[in-house]
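The numbers here are math on the coordinates, done by the rules we state, and not lab data. Just so we're clear, the structure is a prediction, and the values are computed from it rather than from any experiment. Glycine also receives a Cβ, built like all others from the backbone with ideal geometry; neighbour counts cover every protein chain displayed.
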C-alpha cells in the first residue's frame, strides 16, 4: 500500500537508508538531501532523487529549514520524514512543513513543543497521573537559588537543561562545590546547544534501570504500546546496547509501566510514534524521565520482537489512516539485542574520524549501517557507524548470537567500540541481566 507518492527525508546516514528501504517496499519515491561531506554515502545513491543541500556544517545543511522545504516543494514531495536527531523534534520545523502544505511524518508541533521542555513535560506527566522523578520543576534563575534548592533536595542531583537531551544537557552533582563549579558552564552550554539556558534539578536514583516504552497512536484516538526496551548500558548518558524484553521487568511491572505510558499519550492527545522513557529504582518503582517525539535509534529491536515495521506505522498514521492494530494482537516474541557501533576510542570514548578502509559484516545479524568501505567518518556529525541487531528465541541465545557476530566484524581505518561491545557480551552483570546504568562507568572509570 502506498500512503504517499513521494517523501523527502530530512536526515542522513543509516536512518535515511532505513526509511528508504520501507518506502521502496511500499512503492513510495524518496528524495534524499545531502551535504558536501556526505556526497558518496550509500543513502545518496539509494534514494530515487538526491539533492545537495549545503556545506558540511549541520546548520548550513541538515538544519537549514528553508533550504530543506524548498527542495521538498521543488521535487514534488508530499511529506517530510525527519528521522531522528537534527530537526526531528523541532516544533518550528514541523509547523513550517504544515504551512508549506507538506505532511510532517511525526506528531503535531504542539505535542513536540510540550514534550520539548523537560520542565513542562514533567509537570504534564504528573498531572496525567504518571510517576515523575523527584526534583525541582521551576527554572533555576541563578546560582544562589540553585544552592538553596539543592540543599533542600539533597545531593546527589542531576543538573539538566530543560530544552536538552543526552549527555550534553546533563551534569551529575555530588556536592555544593560541584554545583558552584558547574552551574555557569552548564547554563552556557545549554544556551549554545539548545538556544535555551534554562536549567532544573532532578534527584539521582542510585543504580537505576533505564527502560522506555514504544507507543503509537493515530489521529482517530487509537493508541497502543509496543512494549519496552531496556537501555541501561550507556556511556555519558548515551545508549550503547539496548534489548527487549527487559530482563528486569516482571509481567506486573511491565503492565504497570506500559499502562502509564498510554495514560501519558492519551492525556497529550498524541499522534504518530513516540517513546516515553523511565527510570526504575532497585525496588521496582518507576519514574517518568522524558519523552522522545520521534522514531528512536533503537527501534529495530522492537520490530524484531513484534514483527511490525515502525516506519510504515509512521507513514500510515501521517496519512490519516487508522492504526489497524489492537493491543491484544501485539506480542513480544523471542529476544532482540542491538549494539551501537561508534567511531570512537573504546576506552576514552573520544571520536575517531577518518576513512574506513575495510568493513566486513558477517551473516547472522540485521545491520543498519550508514557507511561502506571507502567512506569517511567526518567530525561534523554523530559518530554512529551503524547498529548490529540480533534476534533469538531466548535471551541467552541472543547473547550467543551477538558474540558470534561481533567476533566476525572487521572495521579498519578508524577506531571503533567493537572491542568494548565484545567485552560487554561476556560481562557477568550484563549476561545475568543484573546490570544498571553504572555498568560502563564501573568498567571504564
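I want to make sure I understand the PRE zone here: with the label point 7 angstrom from the Cα of residue 380 toward its beta carbon, which residues in the stretch 1-30 have backbone N atoms less than 15 Å away?
Counting backbone N atoms under 15 Å from the label point, the list is 11-14.
Using the beta-carbon distance between residue 2 and residue 333 and R0 = 35 Å, what value does 1/(1 + (r/R0)^6) give for FRET efficiency, to the nearest 0.05?
Numbers: r = 28 Å, r/R0 = 0.80.
That pair, residue 2 with residue 333, gives E of 0.80.
Report, in deg cm²/dmol and to the nearest 500, the calculated mean residue ellipticity at 222 nm for the chain, where each DSSP H run with n ≥ 4 adds -39500 (n - 2.57) and the sum is divided by the residue count. Intermediate values should be presented prior to the final figure.
Values: 15 runs with 153 residues, N = 445.
So the calculated ellipticity at 222 nm is -10000 deg cm²/dmol.
Using every alpha carbon pair in the stretch 134-203, what percent of pairs falls into each 10 Å bin from 0 up to the bin containing the largest distance?
In order of increasing distance, the bins hold 24, 61, 15 percent.
Hey, rough spin-label estimate for residue 282 and residue 396, points 7 angstrom out along Cα→Cβ, what's it come to in nanometres?
Placing both labels 7 Å along Cα→Cβ, they lie 2.7 nm apart.
From Cα pairs below 8 angstrom and at least 6 apart in sequence, can you work out the relative contact order of the chain, rounded to a whole percent?
Contact order relative to length: 14 percent.
With the contact rule set at Cα under 8 Å and sequence spacing of 6 or more, what percent relative contact order holds for the stretch 319-383?
Values: 43 pairs, mean separation 19.7, N = 65.
Averaging sequence separation for qualifying contacts and normalising by length gives 30 percent for the stretch 319-383.
Would you give the gap between the C-alpha center of the stretch 225-299 and the C-alpha center of the stretch 36-110, rounded to a whole Å?
Here the two parts' Cα centres lie 28 Å apart.
Running a GNM on the chain with Cα contacts under 10 Å, which residue among 42, 206, 107 ends up with the highest mean-square fluctuation?
It is 206.
Suppose each label sits 7 Å from its Cα in the direction of the beta carbon; what would the residue 355-residue 255 distance come out to in nanometres?
5.9 nm
Could you tell me the relative contact order of the stretch 134-203? Use alpha-carbon pairs under 8 Å, at least six residues apart, and round to a whole percent.
Computed value for the stretch 134-203: 45 percent relative contact order.
For a Förster distance of 45 Å, can you work out the FRET efficiency between the beta-carbons of residue 410 and residue 127, rounded to the nearest 0.05? List each step's numbers first, then the result.
Numbers: r = 52 Å, r/R0 = 1.15.
Plugging the Cβ-Cβ distance into 1/(1 + (r/R0)^6) gives 0.30.
Once the piece of chain linking residue 267 and residue 236 is laid out straight, how much longer is it, given 0.36 nm per residue of separation minus the C-alpha distance between them? If you can, show how the numbers build up before the last one.
Numbers: separation 31, 0.36 × 31 = 11.16 nm, distance 3.18 nm.
Once the chain is fully extended between residue 267 and residue 236, it gains 8.0 nm.
I want to check the label-to-label distance for residue 99 and residue 65. Put each point 7 Å from Cα in the C-beta direction and report it in nm to one decimal.
Roughly 0.6 nm, to one decimal.
At R0 = 56 Å, how high is the FRET efficiency between residue 432 and residue 52 if r is their beta carbon distance? Nearest 0.05 is fine.
Details: r = 50 Å, r/R0 = 0.89.
Here the calculated transfer efficiency is 0.65.
Roughly how many whole Å is it from the C-alpha centroid of the stretch 368-445 to that of the stretch 178-220?
25 Å
When the Kirkwood radius is taken over all Cα pairs of the stretch 209-444, what Stokes-Einstein diffusion coefficient follows at 4 °C and 1.567 mPa s, in µm²/s? Walk me through the numbers before you get to the answer.
Details: Rh = 18.5 Å.
Stokes-Einstein gives a translational diffusion coefficient of 70 µm²/s.
Using 0.36 nm per residue of separation minus the Cα-Cα distance, give me the extension gain between residue 147 and residue 45 in nm, one decimal. Spell out each step's value before the answer.
Values: separation 102, 0.36 × 102 = 36.72 nm, distance 5.39 nm.
Contour length minus Cα-Cα distance gives 31.3 nm.
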